[in-house]
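Here's the structure, in structure tokens; my notes come after.
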Amino acid sequence: MSALSDFAAALASGAISVIDLTAPLSEATPILELPPEFGQTQQFQLEEISRYDDRGPAWYWNNFHTGEHTGTHFDAPNHWVTGKDGADIASVPVGKLIAPAVVLDFSDRVAADPDFLVEIDDIKAWEAEHGPLPDGGWLLVRTGWDARTTQESAINANETGPHSPGLSAECARWVAQESPVLGMGVETVGTDAGAAHSFDPAFPCHSYLMGSDKYGLTQLQNLASLPATGAVVIAGPLPIVTGSGSPARVLALVER
Ligand code: MN
């Protein structure tokens, strides 16, 4: 048997299962909110063209309106000024859309502190137990934030701004510049912490990852169903020519 027929047989037998890491897309899907002086991304919206009616008696279809960075989505290098000469979302090599992934679980610490920031030492401690981060793979950060499916709970803002977990600036720099991963995936609406507007640099995950030709995945769900190591992630952004990102169907393959 070939490797690929072995793989197909493992899918059919359930030896490999497919886990959906994607948040459902609807008008209720939480989106990033920037300070009001900046442009804003748009909520996902369906616009009905016809539904078995005068506009189209035998067919139902919609137009949809959305930001590139709405819902579970893929950040391309050109999303940030540090990566402005880097790949657009259509130019991300397809070979990078299927990659191994590890899951670092910080949900206990985030439950105690929604502003929790992962530090380099946290990743080193994980590596001491599980081995090195995967070369050319994803670093997936589990925080428990996927339970927050409403706009208000996902943003978690008060008078001091949004409060959600992420990486410290130094940790973001290390992941982007020193670790071998191709990108980082999170459960929050963006890869940066809610308070990252005031970090140095501002939005360090975006700044360092995009500036290092790396990628981001956001609003992932079901990371709790993945092993710490050994999953393979399939991320499918739309090839929007010149685009900075795209909603993506993100799946994980897990061996039972
Ligand atoms: Mn984004």
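Look at Ala235 and say whether it is without any contact (Cβ under 8 Å) to a residue 40 or more places away in the chain and within 14 Å of the ligand (Cβ to nearest atom). Considered against the rule, which asks whether it is without any contact (Cβ under 8 Å) to a residue 40 or more places away in the chain and within 14 Å of the ligand (Cβ to nearest atom), Ala235 comes out as no.
Using the structure shown, decide if Thr188 is over 15 Å from Tyr208 (Cβ atoms), within 16 Å of the ligand (Cβ to nearest atom) and of a type in the set (Val, Ile, Thr).
For Thr188, the condition - over 15 Å from Tyr208 (Cβ atoms), within 16 Å of the ligand (Cβ to nearest atom) and of a type in the set (Val, Ile, Thr) - is met.
Candidates in the range 45-86 are the residues that are loosely packed, with under 12 Cβ neighbours inside 10 Å and aliphatic (A, V, I, L, M); of these, the one that is nearest to Pro162 (Cα to Cα) is Val81. Are there any pairs, at least 6 apart or on different chains, whose C-beta atoms fall under 8 Å, with the first in the range 82-96 and assigned to a loop (DSSP other than H, G, I, E, B) and the second among the charged types (D, E, K, R), and if so, which? Note: pairs meeting the criteria are Gly86/Asp213; Ala87/Asp213. Within the range 18-44, the set of residues being exposed (fewer than 14 other Cβ atoms within 10 Å of the Cβ) and either among the charged types (D, E, K, R) or part of a strand (DSSP E or B) (or both) comprises Val18, Glu27, Glu37. For Ala154, the requirement of being surrounded by 16 or more Cβ atoms within 10 Å (Cβ to Cβ), within 14 Å of the ligand (Cβ to nearest atom) and of a type in the set (Gly, Ala, Ser) is met. Among the residues of this structure, Asp121 does not count as one that is acidic (Asp, Glu), in contact (Cβ under 8 Å) with a residue 12 or more places away in the chain, loosely packed, with under 14 Cβ neighbours inside 10 Å and within 21 Å of His206 (Cα to Cα).
Every listed requirement among (1) over 30 Å from Gly230 (Cβ atoms); (2) within 14 Å of the ligand (Cβ to nearest atom) is met by Glu37 save one, (2).
FYI, it's all coordinate maths here, none of it is from the lab. Only a predicted model underlies this, so the values are computations on that prediction, with no experimental measurement involved. Heads up, the Cβs are rebuilt from the backbone with ideal geometry, glycines too, and the neighbour counts pull from every protein chain shown.
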